[in-house]
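What follows is one structure encoded as structure tokens, with my remarks underneath.
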């Protein structure tokens, strides 16, 4: 696991060098490792990783002084962990961007924390920021904001999902009925953001049910593909499944508590079985990466992941996913 963390840090250090050097003219420290190999040699264990993280965030802070909004936006979007829990230094870095002069940069920082499953208290949210995309301007001083978002959410589809994302940030309990309805939308993004928003708004059981339904639907399609009952693509040539949503929904469940953690891990391992022999190895790698991030272990096969899972949770029988490995 440490090898993957170090490699990622090395790549990010390279990006931070570009921002800190090109955008601000700041000279690099003489002790800065020049390559991933050098980074690995410069770090041993968690202490080395912590030092590298501190150094990286320092470089990113320099990059955030750039006058170029796009450069600051990219600094936010491409840094930090992916599926692993965000440490306090990363959370503090992204929250510092809440004070950026650009609402787009502020919005990217909020979205980054959302994608790291970090709850942001209402009092920490800026008064103005962009939502899920740069064109969605959110003004918390607008007295009609919640009503407008609820109306948009009620229209469904991706636009409804964009509204649901912000309603979740704002913990809008008055939006719970429309979020429940959005959880039945045909658009998978809308369903996912509705589930997340319901959890954030205090309706965790409803949000959990939506995410579980999303996962079950996707796994069912994977099963039909594995059995040769349907093709991997539809009549228009589009993939029938979107494994990344299973990963994100499962990762969300993992944050909810011990029982949900087990459930989320089982979903990830089950998906791993289906993807292992599938045509898209990149999707297998996404699940592999997510499991490594939340378990601290790198599983090279679904069988290896399943063995670990059944050892950690021996009171329950192996999941039905083991039946799909043949």
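Of the residues making up segment 115-146, those that are touching a helix residue (DSSP H, G or I) at 6+ places or on another chain (Cβ under 7 Å) and assigned to a helix (DSSP H, G or I) number 2. The residue that is surrounded by the most Cβ atoms within 10 Å (Cβ to Cβ), counting only those in segment 238-276 that are part of a loop (DSSP other than H, G, I, E, B) and free of Cβ contacts under 8 Å to residues at least 40 places away in the same chain, is 241.
Just one of (1) over 11 Å from residue 166 (Cα atoms); (2) surrounded by fewer than 16 Cβ atoms within 10 Å (Cβ to Cβ) fails for residue 120. It is (2).
Within segment 134-152, the presence of at least one residue that is closer than 25 Å to residue 252 by Cβ, without any contact (Cβ under 8 Å) to a residue 60 or more places away in the chain, surrounded by 20 or more Cβ atoms within 10 Å (Cβ to Cβ) and touching a strand residue (DSSP E or B) at 6+ places or on another chain (Cβ under 6 Å) is confirmed.
Any idea which of 67, 84, 34 is outside any helix (DSSP H, G or I), at pLDDT 50 or above and more than 26 Å from the chain's Cα centre (by Cα)?
Working: 84 fails: more than 26 Å from the chain's Cα centre (by Cα); 34 fails: at pLDDT 50 or above.
After applying the criteria, what remains is 67.
One residue alone among 220, 213 is more than 29 Å from residue 120 (Cα to Cα) and assigned to a helix (DSSP H, G or I), and that residue is 220. Taken over segment 92-106, residues that are surrounded by fewer than 18 Cβ atoms within 10 Å (Cβ to Cβ) and either in contact with a helix residue (DSSP H, G or I) (Cβ under 7 Å, 6 or more places away or on another chain) or touching a residue at least 40 places away in the same chain (Cβ under 8 Å) (or both) amount to 3.
The values are calculated or read from the model by the stated rules, or taken from the named source; none is laboratory data. Please read all numbers here as calculations on a predicted model, not as lab measurements. Counting neighbours? That spans all protein chains shown, and the Cβs are built from the backbone with ideal geometry, glycine included.
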